[in-house]
Amino acid sequence: MQRISSNLTLFFRIFVPTFWTVFYGLFTFVMLFSQDSTLNVFQSDWLKYSNLLFYLSTLLIMYLTIFRLKRVEMSRDGVFVTNYFKTVKYTYDSIDSLGYKDYCFFKVGFIRLKDKGIFGSTILFLLKKKYLEDYIQANPDLFGYMDLYL
């Protein structure tokens, strides 16, 4: 089995949301519920509620982007996709297309399934392009069923 997703997937999928939720959430909680503050800036209602709105909006953005990232591994048996809590195996003939989009610092890979799976019909992951290219060169016969956007 060969991993084609980047090691940064674990960092962005687990560590960033955990630390953001805990530490900035604690800061927001303290701002909202502290009564006697030594700093006058924490007593402003406008700042408290705008900070709460900022915190909730970043949680929503993380949910819509980072939480969709999966770890992807390929083998001769199929494609294994995990969200670090649950792992699902997809066969190559159930995959419609495979490709990636380049966003300057990151390459976001996608797998589109013919039918909706447990993680939806499109699986997103941070791609390590060299790993995918090496795997395709070693196993070109496995990718005859799908469209490749590389």
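Brief remarks on what is shown
- Just one of the numbered conditions (1) open to solvent by less than 70 Å² (accessible area, probe 1.4 Å); (2) in contact (Cβ under 8 Å) with a residue 12 or more places away in the chain; (3) over 25 Å from L142 (Cα atoms) is not true of V79: (3).
- Residues being in a strand (DSSP E or B) and either open to solvent by less than 60 Å² (accessible area, probe 1.4 Å) or in contact with a Lys or Arg (Cβ under 7 Å, 6 or more places away or on another chain) (or both) - total across the stretch 113-150: 10
The values are calculated or read from the model by the stated rules, or taken from the named source; none is laboratory data. From a predicted model like this one, the values you see are computed outputs, not experimental measurements. We place every Cβ from the backbone using ideal geometry, glycine too, and count neighbours over all the protein chains shown. To get the accessible areas, we keep the full protein, side chains included, count just its heavy atoms, and leave off ligands, DNA and RNA. Shrake-Rupley method; radii C 1.70, N 1.55, O 1.52, S 1.80 Å.
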